[in-house]
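Before any comments, here is the structure.
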Amino acid sequence: MGLTLTWLSVIILIPLAALFLKTFELSLDQFWAIVTSRRTLNALKISFGLSFAAACVNLVMGTIIVWALVRYRFPGRRLFDAIVDIPFALPTAVAGVALTQLFAQKGWLGAPLAELGIKVAFTPIGIFIAMVFIGIPFVVRTVQPVLIDLDPEIEEAAASLGANRWHTVFRVILPSLIPALLTGFALAFARAIGEYGSVIFIAGNLPNISEIAPLLIVIRLSEFRYADATAIAVVMLVASFLIIFLINRLQRWAQARIPVH
Amino acid sequence: MSMQTGLATSTTQLRTYAPATDVSVAAPAPRLEIARAEPVAARRNPRTEPGPIRLIIIALAIAFLSIFVVLPLLVVFASAFSKGIVAYFAALAEPEALAAIKLTLLIAAISVTLNLVFGVVAAWAISKFEFTGKTFLITLIDLPFSVSPVISGLVFVLLFGAQGYFGTWLQAHNVHILFAVPGIALATIFVTFPFVARALIPLMQEQGTQEEEAAISLGASGLQTFFRVTLPNIKWGLLYGVLLCNARAMGEFGAVSVVSGHIRGETNTMPLLVEILYNEYQFVASFAIASLLAMLALITLVAKTVLERRLDEAEVPDGD
């Protein structure tokens with residue numbers, strides 16, 4: 001057991017301690033200057049903004065997918081159920097090149113979209129698409145077990161008390177899914193913020209326009225500007241922790257409001 | 001602290017979704033069979049939506065999954081074979097490709113072995129003993145899941161890089177960690193650490209310590225107890241953790257990219273070679289390597305589904 005603790009601290013604690021130690025080598029002014037520089041701010045805005053948008057899409061589409069998978073029967077349902085895990089299992093670099101190829105000007109989807117005047121690859125839309133791809137299993141897999149376990153009697157009771165289907169779904173079923181939905185949203189959001197492999201190929205990576213924060217860290221490292229890289233990393237870490245903390249609070253609040261449990 | 005606990009809870013929920021997947025297969029069946037047999041009854045069924053809405057929801061789900069998941073997967077194989085099967089195998093037989101495949105297998109072997117051993121020990125410690133700092137330990141185990149892969153790589157650069165904390169010492173003693181195999185292995189171990197421990201902790205907690213206590217009281221040694229009692233009980237969960245750990249170890253990109261240095265034929269793993277070839281417009285070669293990784297992902301998914309069924313079956317007698 002002592003061995004476990006030692007191993008854990010060697011492999012996890014020491015590296016993370018190094019991250020914060022490095023940050024403390026900077027004066028507050030230096031740290032502030034790095035974090036508020038135009039390029040850093042824009043990268044953070046792009047990462048957090050697009051991740052939020054992608055997580056919202058995941059929330060809506062994830063709910064629809066879960067509903068179809070759990071409540072309905074259609075040909076290929078089990079196959080589609082299994083397919084949901086692919087963004088999890090596919091190495092991110094493979095997802096990155098595949099999505100780029102798909103949405104490039106001559107790609108299967110890129111070509112028809114280009115005729116409509118929509119350019120996806122090498123624009124912020126491409127980043128958004130990659131983030132939607134990477135986030136979908138998180139929402140589906142957190143909400144699915146909850147919808148399966150939902151007590152059928154609640155719906156029947158609502159219906160027999162005169163609620164129409166619309167009311168039953170939006171007033172009775174969805175509210176009891178809210179904690180799971182929030183968890184799925186938070187996980188998808190956090191994953192998208194940190195995502196690197198599946199985004200950088202399709203992003204275009206223009207500073208201030210389509211450059212995500214993780215890429216900026218890599219760029220600063222390749223320029224041997226360790227302090228800059230570390231400062232951006234710390235901001236990302238703290239911001240992600242805060243978001244997850246906030247959503248966790250929200251989730252607990254929602255849980256307490258569910259009348260059924 | 002409460003912040004981190006919150007994080008741990010959400011990750012835990014993610015990890016525990018898996019066994020429930022199979023329940024979905026069985027659960028809605030009877031209800032809808034009734035609905036199919038008697039359309040009139042379906043309309044009156046308070047638990048379903050009108051037909052057109054049902055169709056729209058199914059269509060939306062299928063369309064979304066097809067565009068965002070099926071098509072990217074198909075593109076990988078279509079692009080890999082776009083110049084024919086000969087070009088495909090020629091690309092895989094390139095010395096650079098072979099070097100990358102070898103390095104990926106080596107890294108996976110190192111990191112899976114180490115994480116297997118320490119994952120079992122960590123799960124054992126957490127589920128069978130009470131000690132102070134247990135919550136902290138669990139949080140620590142979950143941490144790599146919630147950190148950006150780039151940051152996971154960055155921390156090792158800060159430690160072992162030329163300007164890193166151990167950089168000068170390493171240079172003086174001519175030890176190469178960064179931009180060499182040890183650095184890639186370390187970053188991979190960091191990223192894949194949680195898989196084995198996470199798969200085992202709930203399983204071992206559920207089984208409790210009774211069987212182990214019985215074995216010890218009957219005179220078995222600690223090691224005997226582990227290999228004869230504990231290990232058989234957790235074998236499927238262990239395999240599950242190793243499977244996911246291996247898939248991630250072979251496919252890791254961000255963390256490895258930061259520490260590898262991209263030395264051609266030496267420190268490029270398969271995902272890194274996919275990137276390099278793609279940026280050089282060698283699409284067939286890039287997608288040929290990518291297709292191997294995609295196949296690994298598909299095999300992992302199938303094996304995972306089979307194992308989840310095993311785990312569910314194993315749980316049934318426990319519940320009675």
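The values are calculated or read from the model by the stated rules, or taken from the named source; none is laboratory data. All values derive from a computational prediction rather than experimental measurement. Ideal geometry is used to build each Cβ from the backbone, glycine not excepted, and the neighbour counts take in all protein chains shown. SASA here: full protein model, heavy atoms, side chains in, ligands and nucleic acids out. Shrake-Rupley method; radii C 1.70, N 1.55, O 1.52, S 1.80 Å.
Positive contributions from Lys and Arg (+1) and negative ones from Asp and Glu (-1), summed over other residues with Cβ under 14 Å from the Cβ of A:ILE178, come out at +4.
Of the peptides B:240-250, B:277-287, A:185-195, B:89-99, the order by per-residue mean of other Cβ atoms within 10 Å, starting with the highest, comes out as A:185-195, B:240-250, B:277-287, B:89-99. Counting only the Cα atoms, the stretch A:19-257 fills a convex hull of 157 Å³ per residue.
Averaged over peptide A:72-81, the number of partner chain Cβ atoms lying within 10 Å of each residue's Cβ comes to 6. Only Lys, Arg, Asp and Glu carry charge here, each on its Cβ (+1 for the first two, -1 for the last two); on that basis the stretch A:1-134 has a dipole of about 340 debye about its Cα centre. Backbone geometry of the stretch B:162-168 corresponds, through the Karplus equation with coefficients 6.51, -1.76 and 1.60 at θ = phi - 60°, to 3J(HN,Hα) couplings of 4, 9, x, 5, 9, x, 4 Hz, x marking Gly and Pro.
Once the 1.4 Å probe is applied to the protein heavy atoms, the stretch A:105-167 comes out at 48 Å² accessible per residue. For chain A, a Gaussian network of Cα nodes joined below 10 Å ranks A:ALA114, A:ALA157, A:ALA89 by mean-square fluctuation, and the top entry is A:ALA157.
Maximal additional length on extending the B:PHE227-B:VAL302 stretch stands at 24.2 nm, based on 0.36 nm per residue less the C-alpha distance. So how strong a dipole does the stretch B:83-319 carry about its Cα centre when Lys and Arg Cβ are +1 and Asp and Glu Cβ are -1, to the nearest 20 debye? So the magnitude is around 340 debye. Distances between every pair of Cα atoms in the stretch B:254-320, grouped in 10 Å steps from 0 to the bin holding the largest one, split as 19, 31, 21, 15, 11, 3 percent. Take each residue in B:258-266, count the other chain C-beta atoms within 10 Å of its C-beta, and the mean is 1.
Could you state the number of Å between the C-alpha centres of the stretch B:120-168 and the stretch B:228-302? Computed from Cα coordinates, the inter-centre distance equals 21 Å. Using only Cα coordinates, the Kirkwood hydrodynamic radius of the stretch B:83-319 works out to 19.8 Å. Estimated at the nearest 10 Å², the accessible area of B:THR168 is 100 Å² with a 1.4 Å probe. For the stretch A:186-199, 3J(HN,Hα) computed residue by residue from phi via the Karplus equation (6.51, -1.76, 1.60; θ = phi - 60°) reads 4, 5, 5, 4, 5, 5, 5, 4, x, 4, 10, x, 7, 8 Hz, glycine and proline entered as x. When you filter the chymotrypsin sites (Phe, Trp or Tyr not before Pro) in the stretch B:115-156 for DSSP loop state and at most 11 other Cβ atoms inside 10 Å of their Cβ, you are left with B:PHE129, B:PHE131.
Once the chain from A:ASN208 to A:PHE170 is taken as fully extended at 0.36 nm per residue, the excess over their C-alpha distance is 9.6 nm.
Peptide A:240-249 is shielded by partner chain Cβ atoms: per residue, an average of 4 of them sit within 10 Å of its Cβ.
For the stretch B:285-295, the Karplus equation 6.51 cos²θ - 1.76 cosθ + 1.60, evaluated at θ = phi - 60°, returns couplings of 4, 4, 6, 5, 5, 4, 5, 4, 5, 5, 5 Hz by residue, with Gly and Pro reported as x. Buried surface for the B/A pair, taken as the accessible area of each chain alone minus that of the pair with a 1.4 Å probe, is close to 8900 Å² in total. Comparing B:LEU307, A:SER222, A:VAL84 along the charge dipole axis of the protein assembly as shown, the residue lying farthest to the positive side is A:VAL84, per the Cβ-charge model. Label-to-label distance for B:ALA214 and A:GLN255 is 3.4 nm, based on points extended 7 Å past Cα in the beta-carbon direction.
Here the stretch A:19-257 is assigned +1 on the Cβ of each Lys and Arg and -1 on the Cβ of each Asp and Glu. Its dipole about the Cα centre then comes out at about 200 debye. Just the protein heavy atoms count here, and of the accessible area of the stretch B:83-319 at 1.4 Å, carbon and sulfur take up 66 percent. Suppose R0 equals 51 Å. What FRET efficiency, 1/(1 + (r/R0)^6) with r the Cβ-Cβ distance, do A:SER9 and B:ALA59 give to the nearest 0.05? The computed FRET efficiency comes out at 0.45. Exposure check, 1.4 Å probe, all protein chains in place: A:VAL235 carries approximately 30 Å² of accessible surface. Around the amide H of A:PHE122, modelled in the peptide plane, lie the amide H atoms of A:ALA203, A:GLY204, all under 5 Å away and 5 or more residues distant in sequence or on another chain. For chain A, averaging the sequence separation of C-alpha pairs within contact (under 8 Å, six or more residues apart) and dividing by the residue count gives a relative contact order of 30 percent. Here A:VAL172 sits with roughly 40 square angstrom of accessible surface, probe radius 1.4 Å. Under a 5 Å amide H cut-off, with hydrogens placed 1.01 Å from N, B:THR209 pairs with nothing among residues at least 5 apart or on other chains. Taking a ≥ b ≥ c as the square roots of the Cα gyration tensor eigenvalues, with a/c under 1.5 meaning rounded and otherwise prolate when a/b beats b/c, else oblate, which class fits the stretch B:193-320? Since a/c reaches 1.5 and a/b is larger than b/c, the shape of the stretch B:193-320 is classed as prolate. Taking the inverse of the mean 1/r over every pair of distinct Cα atoms in the protein assembly as shown gives a Kirkwood hydrodynamic radius of 25.1 Å.
Taking Cα atoms only, the orientation of helix A:92-103 departs from the longest principal axis of chain A by about 70 degrees. Solvent exposure of the stretch B:71-194, expressed per residue, is 41 Å² of accessible area, with all protein chains present and a 1.4 angstrom probe. The label-point distance for B:GLN282 and A:ALA157, in a model that sets each label 7 Å from Cα toward Cβ, rounds to 6.5 nm.
Can you tell me, using C-alpha contacts under 8 Å and at least 6 residues apart, the relative contact order of the stretch A:35-163 as a whole percent? About 36 percent, as a whole number.
Projected label points at B:VAL175 and B:LYS235, each 7 Å from Cα along the beta carbon direction, are separated by 4.0 nanometres. Packing here is the average count of other Cβ atoms within 10 Å per residue, and on that basis the peptides B:59-65, B:213-219, A:203-209, A:175-181, highest first, run A:175-181, B:59-65, A:203-209, B:213-219.
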